[in-house]
Structure formats: C-alpha cells, structure tokens
Amino acid sequence: MTSPHDGPDEAHTVPDGVSDELVAAVGGVTASFEVIEHARGMLYAFHRLIGRADKELAGALDQLEAAGRPDLADALRTEIVGRNVLDGRWTFQVIEEFDSGYYAAFADAERSVREATMGGRRHVFEAQLKERERTPGRPGHEARPAAAHE
C-alpha cells in the first residue's frame with residue numbers, strides 16, 4: 001500500500017514542462033561535477049600525504065644524522081625540506097588556485113544549469129532513478145526518511 005507521502009519530496013521532482021531528455025542531460029552535468037568533487041578530495045589527500053611525507057622525512061633525517069651521516073641529512077634538508085611541489089607552489093597554494101579557479105567555475109556552471117532548467121533542484125535525475133528501482137511499500141525501500149513523512 002502506498003501513501004500520499006510515498007515518492008520523492010518536492011525538492012526532487014521534475015518541474016512542470018521539463019522533458020526526460022533534459023532531466024537526463026542535467027543529471028549528466030551534475031554527474032560530471034561529482035567527478036570534480038572526487039578529484040578535489042584527491043587533491044586534498046595529496047596535500048595531506050605530502051605533509052605527512054615531510055614530517056616523516058624530518059624524523060628520518062634526524063635518525064640519519066644520529067647514525068653518523070649529518071652530511072647526507074644536511075644535503076636532504078637543503079634540497080628537499082621546504083621545496084615547492086610545483087613551480088612556486090606548496091600544496092596549499094595548489095589547492096587554493098584549484099578551488100578559486102577551475103573548481104569554482106565548474107560549481108557555478110553546474111548550479112546555473114540546474115537553476116535554468118530544474119528551478120535549482122538537485123539530483124532530480126537520481127530521484128527518478130530511485131523511483132524506478134525501489135519497491136514501494138517494502139521496508140528499506142522508502143522514498144524518504146521516516147521523519148519526512150510526519
């Protein structure tokens with residue numbers, strides 16, 4: 001048995017007059033932006049890994065010096081410690097440039113497509129997919145969280 005609350009909430013329904021083809025196309029734009037979000041996360045992971053490697057290197061150089069090779073430790077401190085990962089940039093600068101440039105432009109473009117076509121609604125394509133795939137009335141297949149039904 002279905003209830004009047006069985007189905008996507010208004011924020012995830014297709015606006016009047018919007019074709020399935022347009023919903024799919026906008027869904028594709030959003031899906032490609034989700035790949036950018038993933039890449040951004042990997043960029044932050046890169047930033048964290050470089051920082052971790054620097055910290056581990058500092059400890060290893062202290063050990064190298066204590067093991068009788070201060071010459072090698074000093075050479076690596078001079079050549080590697082404080083070195084840019086890219087031309088003129090540490091990883092925080094790479095992230096800041098990415099965030100304020102490509103990422104911001106892509107986020108703005110994706111948002112403007114949704115606003116121009118879906119009234120700003122997010123994940124309309126996915127909501128349609130969920131409605132096609134779920135089994136209405138079956139536990140674990142609810143259209144919305146229980147709190148949304150109350």
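The values are calculated or read from the model by the stated rules, or taken from the named source; none is laboratory data. Just so it is clear, the model here is predicted, and its values are computed rather than measured. For neighbour counting, all protein chains shown are included, and Cβ atoms are generated from backbone atoms with ideal geometry for every residue, glycine included. We work out accessible area using only protein heavy atoms, side chains counted, and drop any ligands, DNA or RNA first. Shrake-Rupley method; radii C 1.70, N 1.55, O 1.52, S 1.80 Å.
Residues in region 130-147 that are within 26 Å of the chain's Cα centre (by Cα) and in contact (Cβ under 8 Å) with a residue 60 or more places away in the chain: Lys130, Glu131, Ala143, Arg144. Figure legend. Inter-residue proximity from region 1-26: first residues among the basic types (Lys, Arg), second residues modelled with pLDDT of 90 or more and surrounded by fewer than 10 Cβ atoms within 10 Å (Cβ to Cβ), beta-carbon distance below 9 Å, spacing 6+ or different chains. No pairs are indicated.
Can you say whether Arg40 is under 28 Å from the mean Cα position of the chain (by Cα) and over 19 Å from Arg122 (Cβ atoms), as far as the supplied structure shows? First the steps, then the outcome.
Details: under 28 Å from the mean Cα position of the chain (by Cα): yes; over 19 Å from Arg122 (Cβ atoms): no.
For Arg40, the condition - under 28 Å from the mean Cα position of the chain (by Cα) and over 19 Å from Arg122 (Cβ atoms) - is not met.
Could you check, for region 109-128, whether at least one of its residues is open to solvent by 90 Å² or more (accessible area, probe 1.4 Å) and of a type in the set (S, T, N, Q)? Taking every residue of region 109-128 in turn, none turns out to be open to solvent by 90 Å² or more (accessible area, probe 1.4 Å) and of a type in the set (S, T, N, Q). Taking into account only those residues within region 74-94 that are aliphatic (A, V, I, L, M) and over 17 Å from Leu64 (Cβ atoms), which is surrounded by the fewest Cβ atoms within 10 Å (Cβ to Cβ)? Checked region 74-94; the qualifying residue surrounded by the fewest Cβ atoms within 10 Å (Cβ to Cβ) is Leu86.
Can you list residue pairs whose Cβ atoms sit under 9 Å apart, with the first residue in region 98-118 being over 24 Å from Val23 (Cβ atoms) and the second being open to solvent by less than 50 Å² (accessible area, probe 1.4 Å) and among the β-branched types (Val, Ile, Thr)? Count only pairs 6 or more apart in sequence or on different chains. Hits for this filter: Tyr102/Ile36; Tyr103/Ile36.
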